[in-house]
1. Would you say residue 119 is open to solvent by less than 30 Å² (accessible area, probe 1.4 Å) and outside any helix (DSSP H, G or I)?
2. I'm checking my understanding of the structure. Among residues of region 47-67 that are of a type outside the set (A, V, I, L, M) and in contact with a Pro (Cβ under 9 Å, 6 or more places away or on another chain), which one is most open to solvent (accessible area, probe 1.4 Å)?
3. Does region 94-110 contain at least one residue that is polar (S, T, N, Q) and over 27 Å from residue 58 (Cα atoms)?
4. Starting from residues that are part of a loop (DSSP other than H, G, I, E, B) and farther than 16 Å from residue 127 by Cβ, keep the ones in region 100-116 and report whichever is most open to solvent (accessible area, probe 1.4 Å).
5. Failed condition for residue 131, given (1) open to solvent by less than 60 Å² (accessible area, probe 1.4 Å); (2) touching a Lys or Arg at 6+ places or on another chain (Cβ under 9 Å), with all others met?
6. Looking at 72, 90, 97, which one is at pLDDT 85 or above, more than 12 Å from the chain's Cα centre (by Cα) and open to solvent by 40 Å² or more (accessible area, probe 1.4 Å)?
7. Scan the helices (runs of 4 or more DSSP H) fully inside region 1-99 and keep the ones with 1 or more residues being farther than 29 Å from residue 167 by Cβ and of a type outside the set (Phe, Trp, Tyr).
8. May I ask you to list the residues in region 62-106 that are within 20 Å of residue 137 (Cα to Cα) and of a type in the set (Ser, Thr, Tyr)?
Amino acid sequence: MATRKRLSPEESRAGALEAARNLLIEAGPQAVTLKAVGARVGRTHANLLHHFGSAAGLQNALGVYLAESVCDRIADSIRASREGTASPRDIVDQAFDAFDHEGGGALVSWLLATGQEDALEPFTMAIHKMIEQVHREEMGADQPADREALESTLVVVLLALGQSLIGPPLSSALKLPDNVARDVAERFVSDPLEKAGRTTA
């Protein structure tokens with residue numbers, strides 16, 4: 001008789017969050033329930049309650065998980081761009097795909113619609129932490145990111161979120177291509193990167 005592998009608390013939590021992420025992408029935030037996630041990972045309702053406390057706690061943790069994983073990839077793209085192995089468009093695509101194809105926009109909308117505004121704080125803090133980290137790596141000093149880097153990040157995130165929620169129908173109504181928002185975001189990313197390159201050259 002086969003026995004189920006005993007996972008550490010960290011492994012169990014990570015597996016549940018990955019299952020929640022897949023449910024989010026496949027069926028939207030309303031599908032991310034303790035029961036559905038438990039069925040995906042073969043864990044009991046009580047086990048998931050131990051990790052997350054409630055369905056709202058699971059959704060909050062999913063927001064943090066998505067933000068951190070996406071920010072890690074964006075940071076890697078920024079580093080690669082500075083080394084000449086990636087382009088500003090790669091950075092933009094990471095952000096837009098996170099909110100669109102990976103369900104980030106739907107999750108943010110769901111949290112707001114259900115009165116869970118506090119759950120967005122860890123999401124936004126993860127983005128801020130990522131920008132500060134890559135800035136300090138570039139400047140070689142323990143100083144905050146400059147205003148231009150923060151403003152460009154704000155614009156890109158807002159564009160990516162808006163595109164995920166209403167982009168296609170709005171672009172169609174304005175008779176514009178679907179990729180216009182990404183093109184605009186790319187310009188906001190390119191300028192700070194070019195400035196940083198000139199500073200360190």
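The values are calculated or read from the model by the stated rules, or taken from the named source; none is laboratory data. Because the structure is a prediction, the values reported are computed rather than measured. FYI the Cβ positions are ideal-geometry reconstructions off the backbone, even for glycines, and counts take in every protein chain you see. All accessible areas refer to the heavy atoms of the entire protein, side chains included, with ligands and DNA or RNA removed. Shrake-Rupley method; radii C 1.70, N 1.55, O 1.52, S 1.80 Å.
1. Values: open to solvent by less than 30 Å² (accessible area, probe 1.4 Å): yes; outside any helix (DSSP H, G or I): no.
Judged against the criteria, residue 119 is not a match.
2. Filtering region 47-67 down to residues of a type outside the set (A, V, I, L, M) leaves 47, 50-54, 57, 59-60, 63, 65.
Subset that is in contact with a Pro (Cβ under 9 Å, 6 or more places away or on another chain): 50-51, 59-60, 63.
On the way: 50: 149, 51: 39, 59: 17, 60: 55, 63: 2 Å².
Among those residues, the one meeting the criterion is 50.
3. From region 94-110, those polar (S, T, N, Q) are 94, 109; that's our starting set.
Those still in the list that are over 27 Å from residue 58 (Cα atoms) too: none.
No, every residue in region 94-110 fails to be polar (S, T, N, Q) and over 27 Å from residue 58 (Cα atoms).
4. Pass one, region 100-116, residues part of a loop (DSSP other than H, G, I, E, B): 100-103, 114-116.
Narrowing further to those that are farther than 16 Å from residue 127 by Cβ: 100-101, 103, 114-116.
Working: 100: 68, 101: 115, 103: 7, 114: 64, 115: 52, 116: 32 Å².
Among those residues, the one meeting the criterion is 101.
5. Here residue 131 clears every test but (2).
6. Details: 72 fails: more than 12 Å from the chain's Cα centre (by Cα); 97 fails: more than 12 Å from the chain's Cα centre (by Cα).
Of 72, 90, 97, the one residue that is at pLDDT 85 or above, more than 12 Å from the chain's Cα centre (by Cα) and open to solvent by 40 Å² or more (accessible area, probe 1.4 Å) is 90.
7. Numbers: elements: 9-27, 34-41, 45-52, 55-82, 88-99.
Hits in region 1-99: 9-27, 34-41, 45-52, 55-82.
8. Correct list: 69, 77, 81, 85, 87.
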